[in-house]
1. Please give me, ordered by residue number, the trypsin sites (Lys or Arg not before Pro) of the range 330-402 that lie in loop per DSSP and have at most 12 other Cβ atoms within 10 Å.
2. With point charges of +1 on the Cβ of Lys and Arg and -1 on the Cβ of Asp and Glu, referenced to the Cα centre of the chain, which listed residue (G110, L424, L85) lies farthest in the positive direction of the dipole?
3. What GluC sites (Glu not before Pro) in the range 215-273 are in a loop by DSSP, with at most 12 other Cβ atoms within 10 Å of the Cβ?
4. Could you tell me the center-to-center distance, by alpha carbons, between the range 398-421 and the range 11-51 in angstrom?
5. Decide, for the range 163-234, between rounded, prolate and oblate: order the square roots of the alpha carbon gyration tensor eigenvalues as a ≥ b ≥ c, take rounded if a/c falls under 1.5, and otherwise choose prolate if a/b is larger than b/c, else oblate.
6. At what distance in nm do the modelled label points of Q50 and D82 sit from each other, each positioned 7 Å from its Cα along Cα→Cβ?
7. Can you figure out the FRET efficiency of Q281 with L30, using R₀ = 60 Å and their beta-carbon distance, to the nearest 0.05?
8. With unit charges on the beta carbons (Lys and Arg positive, Asp and Glu negative) and the dipole taken about the Cα centre of the chain, which residue among F161, T404, V54 sits farthest to the positive side?
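The values are calculated or read from the model by the stated rules, or taken from the named source; none is laboratory data. All values derive from a computational prediction rather than experimental measurement. So basically every Cβ, Gly included, is an ideal-geometry build from the backbone, and we count neighbours across all protein chains shown. Surface accessibility is based on the protein's heavy atoms, side chains included, excluding ligands, DNA and RNA. Shrake-Rupley method; radii C 1.70, N 1.55, O 1.52, S 1.80 Å.
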Amino acid sequence: MKHFPIFLSVQDKRIVVSGGGDAAVAKLRLLLKTEARIVVYAIDASAEIQDWAVQGRLTLIRRPLEAGDVAGAALLYAADEDDLLDAHVAWLGQEAGVLVNVVDNLEASGFITPAIVDRDPVTIAIGTEGAAPVLARAIKADLEQRLPQSTGVLARLGRAFRPLAEQLPKGRARRAFWSDYYFRAGPLALEQGQEALAPALETLLSDHLAAGKRPGHVDLVGAGPGDPELLTLKARRVLHEADVVIHDRLVSTEILELARREAVIIEAGKTGFGPSMPQDQINALMVEHASTGAHVVRLKAGDPTVFGRLDEELDALTEAGIAWRIVPGITAASAAVAQIGQSLTKRGRNGAVRFLTGHDIKGFAEHDWRTLARTGEVAAIYMGKRSARFLQGRLMMHGADPLTQISIVENASRADSRVVATTLADLPTALEGVDGPAVLLLGLAPRAALQTVSEIFQAKELAL
Ligand code: SAH
């Protein structure tokens, strides 16, 4: 991030614009939405600027900007659309220690003006650091459409009501009240007109005060294989609502960013190997937080019901009398098989598929090797890297063909994912250098004509 977004206090401060043409007008349209005092320096000012001056919305001074004019200003815009003049104005500003924006000149600017969606006091600023103005405009258009004009009205009354809402205990109860207001009761009341809003807020507050302290609960949520787009809508929502998020180490940072900024985020480092938090401690953490009334999300990689020690967690919660709910997710095997363009089952090949773990609490896991060794069998092997030699030995011992196809899918669905196509005979060698989490797809080779979207794009670019 080369530019840090902030909201600058400009009420009653002076903002200076040098220039009277189109560039100045475009900036002034935005600046006039603020409560700043706007001063424009221009010998030739467009009719629009002159009108604004007549209406008293800005002060127009019909001469070029001079050294003494910018001292103490909050911001300065160099909008003369003339490189030399703009550079001079920028220099005057810098000398006076004022933040300067040179219109359409990123390098010369100390700040840039974002695209803005205005539902005052709700303001959304969109920036692309000058990289993609078209994208910024598209995002703005999208948000304009999505945010009803009433957002501003709701927020204005909400602001006035904040001191009253302090009767509710801080934290979860207060948040529940506000979210009820903004997403349900507020919009509903507005349908009857703005006058209905204040009484509706009062009723809502007394309802929430009466509801008292709600008990906490735990959502055991599948975070999917890594790509945030593979989260379910429900997972996304509960993640956004959670007070506390206890996550496995495999859960990607992009997904954790979907939690509220105020949420307590705890890593219960559970990878197959390496340092990890004992299960008892994870259970105790969930119980401890939920007992204080918190909404806890226990975020687990993939699907929580697949090799996730889910039952131990559910038992602990049940024993402590804490309500829970399971939110399923996309398991690594589904993401892995999608990546090689195959399906887990296929008519005439395999009518069953097994999900195996390479190791369990007792060490390398034993399975029905005789069945697995048969031609056409398909299995998704989780946590199979360390046990590769053991798996290979057991399968060969039970008569598996050494040329049985295996696809190793590392970091499935993530940007750094990798597929290694190998055979049972070569499995241990093929796994060398596979450091990320990987699923071994026994009995499946990547589809021969597999083309990824990026390969198709690349091919198209080359052809152009
Ligand atoms: N509950 C998870 C599995 C947890 S066990 C699920 O449903 O996916 C951890 C194992 O899952 C890892 O050792 C690896 O075998 C597999 N795994 C998890 N995420 C993966 C990913 N993005 N790509 C490949 N394998 C993954």
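1. R347, K362
2. L424
3. E257, E262
4. Going from one Cα centre to the other spans 62 Å.
5. Oblate, because a/c is 1.5 or more while a/b does not exceed b/c.
6. 1.9
7. 0.70
8. It is T404.
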